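The values are calculated or read from the model by the stated rules, or taken from the named source; none is laboratory data. Values in this document were obtained by computation on a predicted structure and should not be read as measured data. Don't worry about glycine lacking a Cβ; one is built from the backbone with ideal geometry, like all the others, and counts go over all protein chains shown.
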């Protein structure tokens with residue numbers, strides 16, 4: 001599951017990283033977020049995770065969240081502050097996804113023997129140098 005939120009002009013009091021909030025605090029913020037912000041949730045189902053792996057499922061969920069948010073932005077029909085905020089939020093979300101991906105790559109590398117690491121490095125470097133599809 002991934003969520004995308006574009007904050008309105010007034011940020012709900014107490015809003016913070018969900019991992020820093022108790023379940024009660026998150027529940028209390030639910031209506032404030034839904035009433036003052038643009039938000040969307042994308043979900044990758046368990047069978048999708050099994051079929052395409054957790055990293056690809058995370059990217060799929062993020063894609064779905066951004067697509068749902070884009071629909072909300074399209075409803076505004078102009079490039080205003082909410083659209084600008086949505087662009088910034090999307091860039092932030094994609095940056096976080098890229099960081100998580102690299103952390104995963106380095107975690108995999110850490111369990112390899114030195115000879116395997118050299119081959120792993122070559123494959124990663126080659127894949128990063130590929131032109132965009």
Legend entry - Filtered residues of region 52-68 (kept if modelled with pLDDT of 75 or more and over 17 Å from residue 102 (Cβ atoms)): 52, 60, 63, 64, 66, 67
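Matching residues to (1) modelled with pLDDT of 80 or more; (2) touching a strand residue (DSSP E or B) at 6+ places or on another chain (Cβ under 6 Å):
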{"site": "6", "(1), (2)": "no, yes"}
{"site": "17", "(1), (2)": "no, no"}
{"site": "26", "(1), (2)": "yes, no"}
{"site": "40", "(1), (2)": "no, yes"}
{"site": "44", "(1), (2)": "no, no"}
{"site": "47", "(1), (2)": "no, no"}
{"site": "50", "(1), (2)": "no, no"}
Inset, instruction - Scan region 4-21 residue by residue and report those that are out of contact with any helix residue (DSSP H, G or I) (no Cβ under 9 Å at 6 or more places or on another chain) and part of a loop (DSSP other than H, G, I, E, B). - result: 17
